[in-house]
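The values are calculated or read from the model by the stated rules, or taken from the named source; none is laboratory data. Nothing here was measured: the structure is a model prediction, and the numbers come from that model. Please note: Cβ atoms are built from the backbone with ideal geometry, for glycine as well, and neighbour counts cover all protein chains shown.
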Amino acid sequence: MLTRLTLKNTLIAAAVIYLLSLIWNLPAAFVWNRIAGQLPAEVTLHGLSGTLWSGHVQSMEVSGVSQGALSWDWRPSHLLTGRIALDLVWLPQNGQVDATMKLGFGSLRLEQVNGRLDAASMAAINKAPFVLRGTWLLDVAVLELKDFENVAQAEGQLVWQNAAGGLPRPMELGDLTAGLSGENDWLVFNLGDQGGPLGLRGDARWRPGQAMQIDSRLQARASAEDALAGGLGMLGKPDAQGWIGWRAQLQ
């Protein structure tokens, strides 16, 4: 009897180890082929290698637009919280962003999102109808989505350093900022400036699948180029303090 129990336990242990080994070495491509069609956007991966737990993509395309390389490593300790956690390194052209992504039942949470993006490169890659310059700095403590539709929590700051934009050439705007928060299922950007040529106040709101709603006030300061002041004048008449109201919806 003891021999049978020992043999049975040995076979069970061997089967468990075998299954865990299969899961641990599960190819990333195998998993991707089964979830790609369920994503809210069209995503194409090139040069996908590694496993579900540690891998690399040489190039990603989102809705036909190249978004650079991506690598990830699993953090097994977070299984105790009921979530899968991955450390991510995103390498778009002339930039790098590090973050931790946590996946749970019906939720996606990004933590410690830090890095920099080159505004000119991002504008060119995404075929923006204007020229941008400067650097986007990301410092986001948390951004959590529920069911890929609602913003559950957000905290952090974005900075557009040495901002410049326009057509046919970019105009100097100064340093612009956006503090992040979550409100009524929306991601809210609290907009501001650091005293440069463009004065900026107001907020913008966004959630997945929705247009960004901007409610702001703009001002061309004394250091601004004439072209910037003229362009803002086309948006409306300034008030007594020189501020021009601007509301828009951007897809």
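So how many residues does segment 129-144 have that are in a loop (DSSP other than H, G, I, E, B) and either touching a strand residue (DSSP E or B) at 6+ places or on another chain (Cβ under 9 Å) or outside the structural domain of Asp185 (by TED's automatic domain parsing) (or both)? It would help to see each step written out before you state the result.
Going residue by residue through segment 129-144, those that are in a loop (DSSP other than H, G, I, E, B) are 129-130.
Cutting the leftovers down to either touching a strand residue (DSSP E or B) at 6+ places or on another chain (Cβ under 9 Å) or outside the structural domain of Asp185 (by TED's automatic domain parsing) (or both) gives us 130.
Total satisfying the criteria: 1.
Looking at this structure, is Ala224 surrounded by fewer than 16 Cβ atoms within 10 Å (Cβ to Cβ) and either touching a Ser or Thr at 6+ places or on another chain (Cβ under 8 Å) or hydrophobic (A, V, I, L, M, F, W, C) (or both)? When the stated conditions are applied, Ala224 does not pass them. Of the residues Leu117, Leu138, the single one that is crowded, with 16+ Cβ neighbours inside 10 Å and touching a residue at least 40 places away in the same chain (Cβ under 8 Å) is Leu138.
On the basis of being in contact (Cβ under 8 Å) with a residue 24 or more places away in the chain, among the basic types (Lys, Arg), surrounded by fewer than 19 Cβ atoms within 10 Å (Cβ to Cβ) and in the same structural domain as Trp206 (by TED's automatic domain parsing), does Arg83 make the cut? So Arg83 passes the test.
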